[in-house]
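Here, each number is a calculation from the coordinates, and none is a lab measurement. Source: prediction; values computed, not measured. Glycine also receives a Cβ, built like all others from the backbone with ideal geometry; neighbour counts cover every protein chain displayed.
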Amino acid sequence: MIDLEFLERLIQAIDKSTLDSIEIERGGTRVRLAKTPPPAPQSALPVVAPAAASPALPETTAAAAGTPPQSVAAPEAAPQASNLKEITSPMVGTFYRAPAPDAPSYVEKGARVSVGDTLCIIEAMKLMNELECDVEGTIVEILVENAQPVEYGQVLFRVDPA
């Protein structure tokens, strides 16, 4: 059993130190002290993509109004040609299209790229990582806005290798 006075002295010592947490086992009792609370458990609620339901809504409204349904333009997220090469993020970070805020973008939609050309910068932990192209072709889509966070494996560019 841990003595209460010992525990109080330990709490005071941690408060005055730069330690964030400590765990001690003494006399068969284990105590963990931490300055920051443990992370809250994440909710297990399902995430529903709103884009899946929106194309049906305009057609239903048009049919109810007695007008013929019009085709709804699909968002540019789906490529029309299956031969497009997807360039994905190799890490989690922040996507930048240019080397500086006032500099021109590395590439634009429709630009011709070669193997080794820099496409963007991904900042991760204050390190600027240049993402180089691994295919020759034409940029068909740029799927991320400047200064937006990206995830590992997220598609950033679609390139037509033709």
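Taking the condition of being out of contact with any Phe, Trp or Tyr (no Cβ under 8 Å at 6 or more places or on another chain), basic (K, R) and either assigned to a loop (DSSP other than H, G, I, E, B) or surrounded by fewer than 13 Cβ atoms within 10 Å (Cβ to Cβ) (or both), how many residues in the stretch 79-137 meet it?
Result for the stretch 79-137: 3.
Tell me, which residue of the stretch 143-153 that is over 10 Å from I87 (Cβ atoms) and surrounded by 14 or more Cβ atoms within 10 Å (Cβ to Cβ) is farthest from the chain's Cα centre (by Cα)? Reasoning before the result, please.
Of the residues in the stretch 143-153, the ones over 10 Å from I87 (Cβ atoms) are 144-153.
Subset that is surrounded by 14 or more Cβ atoms within 10 Å (Cβ to Cβ): 144, 150.
Values: V144: 10, V150: 3 Å.
So, considering only residues that are over 10 Å from I87 (Cβ atoms) and surrounded by 14 or more Cβ atoms within 10 Å (Cβ to Cβ), the one farthest from the chain's Cα centre (by Cα) is V144.
Scan the stretch 136-146 for residues that are more than 15 Å from S89 (Cα to Cα) and β-branched (V, I, T) and jot them down.
Our first condition is that a residue be more than 15 Å from S89 (Cα to Cα); within the stretch 136-146, this holds for 136-140.
Of everything in the stretch 136-146, those that are more than 15 Å from S89 (Cα to Cα) and β-branched (V, I, T) turn out to be T138, I139, V140.
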